[in-house]
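For reference, the structure discussed in these notes is given below.
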Amino acid sequence: MEQENKAETQESKESKEPQVTRDLSNVGYPVAPFKFIIMSILTLNLYPVYWAFKNFTVLDTTPVKRPKILAACSAIFFTFTFYWLLKYIEQASERHGNPIKMQKGLLAGAFFFFHFVQVCARRVPFDGVTSEIIDWTGVVISLLILMVPVRAVLKLAETSNPPTPIDFDFTITNYVFMVIGGIITVIGLIGAFMPG
């Protein structure tokens, strides 16, 4: 009898607590590494911000009124919120029974450091070729660091029950952004190698 009363009291407490309306079974936004790299390069590194937004929207399970606004802010300031995205991926992996551990502090510190160096290097008046080499080195290092959470989300998607579909396909919108970004990239490269 006492156990039944305790169970009812526990259920009534749980029903009074604010409920999270987001789907906790979701594993984020799994994207094929090839698509992630191509889209990142040809959208002038804007695709990782979109990918972060999609993951923040799903993986941040804090009960809030407007999760998309907070997810957008987190994605815009991705250099500073990268650590929390890694944390959310780890928490999702624990919820699904397949714990993934990442060196969150090391990865977030490296991501911030290389982004900071890249921004500082743009302020120094290098010649066009040196500037492009520094920019592309920063892009490559950032992509290498980002591959850790991209692969972690993929692993989550593959081991979830049922498996979560992975985004392999390029849509028309993807192609439009890649063409625009590709044109801007080519113009930048031509400008770097042309004598001024």
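None of the figures in this text is laboratory data; all of them are computed from the coordinates on show. Since this is a predicted model, take the numbers as computed values, not measurements. With ideal geometry, Cβ positions are generated from the backbone for all residues, glycine too; neighbour counts draw on all protein chains shown.
Within segment 98-142, the residues that satisfy the criterion of being surrounded by 14 or more Cβ atoms within 10 Å (Cβ to Cβ) and within 29 Å of Pro162 (Cα to Cα) are Asn98, Ile100, Met102, Lys104.
I'd like to know if segment 155-162 contains one or more residues that are of a type in the set (A, V, I, L, M) and assigned to a helix (DSSP H, G or I). Don't jump to the end; show me each part of the working.
Initially, segment 155-162 is screened for residues of a type in the set (A, V, I, L, M), giving 156-157.
Still in the running and assigned to a helix (DSSP H, G or I): 156-157.
Within segment 155-162, one or more residues are of a type in the set (A, V, I, L, M) and assigned to a helix (DSSP H, G or I).
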